[in-house]
1. Just add up the charged neighbours of Ala256: K/R +1, D/E -1, any other residue whose Cβ is under 13 Å from the Cβ of Ala256.
2. For the pair Ala272/Arg187, report the inter-label distance in nm, with labels modelled 7 Å from Cα in the Cβ direction.
3. Assuming R0 = 35 Å, can you tell me the calculated FRET efficiency for the pair Ala172 and Arg310, based on Cβ-Cβ distance, to the nearest 0.05?
4. What's the angle, to the nearest 10 degrees (0 to 90), between helix 102-114's Cα axis and the longest principal axis of the chain?
5. So how far, in whole Å, is the C-alpha centre of the stretch 109-170 from the one of the stretch 36-98?
6. What order, most packed first, do the peptides 176-183, 263-270 have when packing is the mean number of other Cβ atoms within 10 Å of each residue?
7. On a full-extension model of 0.36 nm per residue, what is the gain between Glu288 and Arg78, subtracting their alpha-carbon distance, rounded to one decimal in nm?
8. Separation between the Glu217 and Ser154 pseudo-spin-labels, each 7 Å from Cα along Cα→Cβ, expressed in nm?
Amino acid sequence: MGRVTAHSAESAGQPTVVERLAAPHSGPVPFSVEFFPPRSADEEARLWHAVRVFERMNPAFVSLTYGAGGSTRDRTVRIAGELATSTTLTTVAHLTAVDHSVDELRGLVGAYADKGITNLLALRGDPPGDPLGEWVAHPEGVQYANQLVELINSLGEFHTGVASFPEGHHRAPNLAADTGNLVRKLRAGAEYSVTQIFFDVEHYLRLRDRVVAADPEQGAKPIIPGIMPITSLASVRRMVELSGSVLPAAVADRLAAAAGDGPEENREAVRAVGIDLCTEMSQRLISEGVPGLHFCSLNFARATSEVLERIGVDTRGALTPA
Ligand SMILES: Cc1cc2nc3c(=O)[nH]c(=O)nc-3n(C[C@H](O)[C@H](O)[C@H](O)COP(=O)(O)OP(=O)(O)OC[C@H]3O[C@@H](n4cnc5c(N)ncnc54)[C@H](O)[C@@H]3O)c2cc1C
């Protein structure tokens, strides 16, 4: 199979992420929002509510994560297509190499192209079921994300981004190797990276310094910080553990004080502190000249909207309840 240049990929392609980061926006920096594919009708309704709320705020782009497994995969491709065709949003589809042969990956890229999606986030993915378990490549698949970037870019006029890790990827032997890998992915043709969620701005700034020092040309490409307003201490602890990163002590202490000593955490107080923390991080990142802010929304609109409003994005009625 050759290039999937499909009429759609070439003619109906959306603006690129880099173009969207440079386009006019209402806040101090562009923002983007990450969604995940819903697993039920209720979750799908929640997703579409969030999508419509954010659409009114003119995000630079939205992205949809990719999960392994047949039914999830089909739903992901369908939802990404609907985001691209039924909204005004520039849509980035995540794509992972997990359990896919190169032929299947080509087919998926073609399916996205048919929906006019030309922005893809190329990821290796984690072993299904246990993100920290042993990674085994598909016998006819790819081993690393840089190969996926090359594959996608060889198929047509696609624009790829990759993942970056402020604290280093948990499988990288050290930060130098981790930086080397990000540079390899950028040299392979990725136009930007989106970071793993982090809660200590210093980690982001050091990553940026490392990439610039390793390769100034690649270091000029946007490193978009991935952030999220914490609304539950228990959930963020689990999330951080699964990604192999850490919750800084100062952040954990503030959240624990809000959570209280009761059998159930005080969700309202945790949420308030989570929104304060995310606002403070956003403001610091903006002052450090980030190219944008990428919010992991978990398909909820309200907490992220509150942060956006506080940092000066025009939320135009987006905070009114549905
Ligand atoms: C912004 C973002 C979005 C994400 N979205 C999803 C999603 O939608 N679905 C999902 O399942 N997961 C997602 N993930 C998780 C991601 O798939 C995992 O973190 C995965 O473990 C790493 O993926 P990668 O693309 O960075 O892999 P790679 O860049 O391939 O790196 C994997 C490991 O291999 C090492 N490595 C790479 N190349 C080489 C080489 N040539 N030689 C030796 N070592 C090498 C790297 O240092 C690293 O330790 C996302 C992560 C981020 C940060």
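1. Details: positive: Arg237, Arg254; negative: Asp253, Asp261, Glu265.
Taking every other residue near Ala256 into account, the sum is -1.
2. Distance between label points: 5.2 nm.
3. Numbers: r = 35 Å, r/R0 = 0.99.
FRET efficiency, Ala172 to Arg310: 0.50.
4. It is inclined by approximately 70 degrees.
5. Here the two parts' Cα centres lie 17 Å apart.
6. Working: 176-183: 19.1, 263-270: 13.9.
Final packing ranking: 176-183, 263-270.
7. Numbers: separation 210, 0.36 × 210 = 75.60 nm, distance 3.74 nm.
In short, 71.9 nm is gained.
8. 2.1
Every read-out reported here was derived from the displayed coordinates using simple, explicitly stated rules and does not represent laboratory data. What you see is a predicted model, and the numbers here were worked out from it, not measured in a lab. All Cβ positions, glycine included, derive from the backbone under ideal geometry; neighbour counts span all protein chains shown.
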